[in-house]
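S.K.: Okay, here's the structure, questions in a sec.
None of the figures in this text is laboratory data; all of them are computed from the coordinates on show. All figures in this text were calculated on a predicted structure; none of them were measured in a lab.
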Amino acid sequence: MATDDTLQPLHADDLATVRAWRNHPGVRQHMFSTHEITAAEHQHWFARQQADPTRRLWLLRRGGQPMGFVHFRGVAPGGVADWGFYAAPGAPKGTGRALGQAALARAFGTEQLHKVCGRVLAVNTASLAFHRRLGFAEEEVLRQQHCSGGPGGAHHHDVHCFGLLRADWPGPVQEPTP
């Protein structure tokens, strides 16, 4: 992680940027839901997340510029949470790794999670490799679990389930602030 990288909460004024990233074809193609998200749909999603005390939404900023997004669901001290993430399209090489390391350091430190889980479509080979590089264990493969496309054009994809325990996290941990 570069010295000028910071992980900051997502705010309403960041939504247009994050929605543009999420709707980018290079990002959208690897999501469980691949439709183009409208501004109203994105606002509604953000409002639901803000109302959930177990959700965390963060932006990685480098030199003040947003470079990636990460979210956690199910955050509670000693708990197990799911995560998802993406770097900004066109972000410099290594941005995803910086985002992952910063988010996991926060998750296992400040948030005091016991475990972080990720689900990855088999066609997303970059994310499969990313999870492995960060030390995640592949815990199971759900065969033909996810259907993309519609009737007549449906494709079923395997879903890889990963988990990383705090005890196995090889990186630094951001300690809770008193």
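S.K.: Averaging the inverse of every distinct alpha carbon separation and then flipping it gives the Kirkwood radius. What is it for the chain, in angstrom units?
M.R.: After inverting the pairwise mean of 1/r, the radius is 16.9 Å.
S.K.: I need the phi-derived Karplus couplings for the range 16-22: 6.51 cos²θ - 1.76 cosθ + 1.60, θ = phi - 60°, integer Hz, Gly and Pro marked x.
M.R.: Ordered by residue, 3J(HN,Hα) equals 4, 5, 5, 5, 4, 4, 4 Hz.
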